[in-house]
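K.L.:
The following block contains the structure, expressed as structure tokens.
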Amino acid sequence: MDDKPADKQVILKELEEIHSLDHDYADGRILGSMCTEAHPFAKKVYCEFLDTNLGDPGLFKGTKQIENEVIKSIGDLLSLDNAYGNIVTGGTEANLMAIRAARNHARKYKGITDGEIIIPDSAHFSFKKAADMLNLEIVEAKLDDNYKIDVESVREAISDKTVAIVAIAGTTELGLIDPIEEISKIALENNIYFHVDAAFGGFSIPFLKELGYDLPNFDFSLEGVCSITVDPHKMGLAPIPAGGIIFRHSEYLDVMAVDSPYLTVKTQSTIVGTRLGASSAATYAIMKYFGKEGYFKLAENLMENTKFLAGNLKELGYELICEPELNIIAFNHPDMATNDLAQKLEDLGWKVSVAKCPVAIRVVLMNHVKKNHLKELLKDLKDIY
């Protein structure tokens, strides 16, 4: 820290220069991110709630009411009449809360002190963080030939130490939906906590299903589902950070509660103590502003772009790893190593990512990637080919 105060304009100029090193969603060349530019209206509301703290809700009763309304709205979207949960920083924190709830519930009601969680090989790395922090062992279920969790592998992995099973609705690398209905039955039969990570798919699958897309059930309409992660800052167009964790029953929050004697509430169940109310307010605003009609249009537009890119990639001779279920495409060149292709695209200014299972170029078609950007990408891919 400098000894003397600095001029505001000098500080702003310095920050602007540093900020210029960042990539910009608006240029349409960030192709590997599941996040996107937040809607301007959501940004405006976010700024108006910057001084709110949901960690002490008695002081911010209005903002807490907003969070409650957001949780109710997301619950309705996920086929749950009475939803419990919180708006948190993102999918990682939401998944951590879900696994903590599962561990604590199993410890309290089953006496399990050295628990295991069953996750697919395609699971997000946040579950490894959760297992490490919560002193749990990970048991990885195999994937089937379609890169989805293998149901029999899950069944075989269950032991008397299993505290949770995890499945994915919109896998990070391929955007696929696990056979969640079948896993739900297994979890129910074995009285095991079942968490669905729908951080990516939670804000698109419900709308696509209503539009007639043939997608499997993944939500609380399945009796075995105990909790769902869904991220408004992905397909919901809320500003970062805005993740959501939704629980079927309040007891899952109760088993995580710790005393908070000097606050305006007696207990607290979230991981984070001081929680920004701006995330809840911005999510409330954008969900109201878009309504179902707006999200229908967004989801359909992104899937149209996905179909456009997939069809043209095939015409050029590139090989798709699988037919896309959501707005993610993974592909390879038939004769070029994936990392070599990734480097060529990087040299041309495209920010792609490389999937590991299987190794492939991964493109996430978020709202900032427009049709004209895809035409530019296809031109470059044609020249590379």
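The values are calculated or read from the model by the stated rules, or taken from the named source; none is laboratory data. Bear in mind that the values here come from a model prediction, so they are computed numbers and not experimental data. Quick reminder, even Gly has a Cβ in these numbers, built from the backbone with ideal geometry, and neighbours come from all protein chains shown.
K.L.:
So SER79 clears everything in (1) in contact (Cβ under 8 Å) with a residue 24 or more places away in the chain; (2) on the phi < 0 side of the Ramachandran plot; (3) polar (S, T, N, Q) except one condition, right? Which one?
P.N.:
The number of the failed condition is (2).
K.L.:
Follow-up. Considering every residue within segment 14-32, establish whether at least one is in contact with a Gly (Cβ under 9 Å, 6 or more places away or on another chain), exposed (fewer than 15 other Cβ atoms within 10 Å of the Cβ), assigned by TED's automatic domain parsing to the domain that holds ALA342 and of a type outside the set (Ser, Thr, Tyr). Let's see the steps before the verdict.
P.N.:
Here is the first cut: in segment 14-32, the ones in contact with a Gly (Cβ under 9 Å, 6 or more places away or on another chain) are 27, 29.
Filter again for exposed (fewer than 15 other Cβ atoms within 10 Å of the Cβ), leaving 27.
In the following step, the residues that additionally are assigned by TED's automatic domain parsing to the domain that holds ALA342 were identified as 27.
Those still in the list that are of a type outside the set (Ser, Thr, Tyr) too: 27.
There is at least one residue in segment 14-32 that is in contact with a Gly (Cβ under 9 Å, 6 or more places away or on another chain), exposed (fewer than 15 other Cβ atoms within 10 Å of the Cβ), assigned by TED's automatic domain parsing to the domain that holds ALA342 and of a type outside the set (Ser, Thr, Tyr).
Rundown of residues vs (1) closer than 29 Å to ASP150 by Cβ; (2) modelled with pLDDT under 95, yes/no style:
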residue: ALA187; (1), (2): yes, no
residue: ASN190; (1), (2): yes, no
residue: PHE200; (1), (2): yes, no
residue: GLY212; (1), (2): yes, no
residue: GLU223; (1), (2): yes, no
residue: SER227; (1), (2): yes, no
residue: ALA238; (1), (2): no, no
residue: TYR262; (1), (2): no, yes
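K.L.:
A further question on this structure: Considering only residues of segment 343-375 that are surrounded by fewer than 19 Cβ atoms within 10 Å (Cβ to Cβ) and free of Cβ contacts under 8 Å to residues at least 60 places away in the same chain, which is nearest to the chain's Cα centre (by Cα)?
P.N.:
Ranking the qualifying residues of segment 343-375, first place goes to VAL354.
K.L.:
If I filter segment 186-215 down to residues being free of Cβ contacts under 8 Å to residues at least 12 places away in the same chain and farther than 15 Å from ALA102 by Cβ, which single residue comes out as farthest from the chain's Cα centre (by Cα)?
P.N.:
Here is the first cut: in segment 186-215, the residues free of Cβ contacts under 8 Å to residues at least 12 places away in the same chain are 189, 191, 209, 212, 214.
Narrowing the set further to residues that are farther than 15 Å from ALA102 by Cβ leaves 189, 209, 212, 214.
On the way: GLU189: 28, LYS209: 18, GLY212: 23, ASP214: 21 Å.
If we take residues in segment 186-215 being free of Cβ contacts under 8 Å to residues at least 12 places away in the same chain and farther than 15 Å from ALA102 by Cβ, then GLU189 is farthest from the chain's Cα centre (by Cα).
K.L.:
Among the residues of segment 132-165, which ones are of a type in the set (A, V, I, L, M, F, W, C), farther than 29 Å from GLU323 by Cβ and crowded, with 20+ Cβ neighbours inside 10 Å?
P.N.:
Of all residues in segment 132-165, those of a type in the set (A, V, I, L, M, F, W, C) come to 133-134, 136, 138-139, 141, 143, 149, 151, 154, 157-158, 163-165.
Applying the additional criterion that residues be farther than 29 Å from GLU323 by Cβ yields 133-134, 136, 138-139, 158, 163-164.
Of everything in segment 132-165, those that are of a type in the set (A, V, I, L, M, F, W, C), farther than 29 Å from GLU323 by Cβ and crowded, with 20+ Cβ neighbours inside 10 Å turn out to be LEU136, VAL163, ALA164.
K.L.:
May I ask you to verify whether GLY111 is among the small types (Gly, Ala, Ser) and at positive phi?
P.N.:
Values: among the small types (Gly, Ala, Ser): yes; at positive phi: yes.
It is true that GLY111 is among the small types (Gly, Ala, Ser) and at positive phi.
K.L.:
Being in a loop (DSSP other than H, G, I, E, B) and either out of contact with any Pro (no Cβ under 6 Å at 6 or more places or on another chain) or among the aromatic types (Phe, Trp, Tyr) (or both) is the filter here, so list the residues in segment 235-253 that pass it. It would help to see each step written out before you state the result.
P.N.:
We begin by selecting, within segment 235-253, every residue in a loop (DSSP other than H, G, I, E, B); these are 235-242, 248-250.
Across segment 235-253, the qualifying residues are MET235, GLY236, LEU237, PRO239, ILE240, PRO241, ARG248, HIS249, SER250.
K.L.:
Determine whether segment 52-60 contains at least one residue that is farther than 30 Å from MET256 by Cα, acidic (Asp, Glu) and surrounded by 15 or more Cβ atoms within 10 Å (Cβ to Cβ).
P.N.:
So far as segment 52-60 goes, no, none of its residues is farther than 30 Å from MET256 by Cα, acidic (Asp, Glu) and surrounded by 15 or more Cβ atoms within 10 Å (Cβ to Cβ).
K.L.:
On to the next question. Answer yes or no: is there a residue in segment 288-304 that is modelled with pLDDT of 95 or more, surrounded by 22 or more Cβ atoms within 10 Å (Cβ to Cβ) and either touching a Pro at 6+ places or on another chain (Cβ under 8 Å) or more than 28 Å from ASP76 (Cβ to Cβ) (or both).
P.N.:
no
K.L.:
Shifting gears a bit: Going by the structure shown, is ALA282 farther than 27 Å from ILE329 by Cα and outside the structural domain of MET366 (by TED's automatic domain parsing)? So that I can check it myself, show each step before the final result.
P.N.:
Numbers: farther than 27 Å from ILE329 by Cα: yes; outside the structural domain of MET366 (by TED's automatic domain parsing): yes.
Spelling it out, ALA282 is indeed farther than 27 Å from ILE329 by Cα and outside the structural domain of MET366 (by TED's automatic domain parsing).
K.L.:
Return a yes/no flag: does segment 150-167 have any residue that is within 21 Å of SER269 (Cβ to Cβ) and of a type outside the set (Gly, Ala, Ser).
P.N.:
Let us first name the residues in segment 150-167 that are within 21 Å of SER269 (Cβ to Cβ), namely 163-164, 166.
Checking which are of a type outside the set (Gly, Ala, Ser) leaves us with 163, 166.
Yes, the conditions are met somewhere in segment 150-167.
K.L.:
Then there's this: Has segment 166-185 got at least one residue that is crowded, with 16+ Cβ neighbours inside 10 Å, touching a residue at least 40 places away in the same chain (Cβ under 8 Å), touching a helix residue (DSSP H, G or I) at 6+ places or on another chain (Cβ under 8 Å) and hydroxyl-bearing (Ser, Thr, Tyr)?
P.N.:
no
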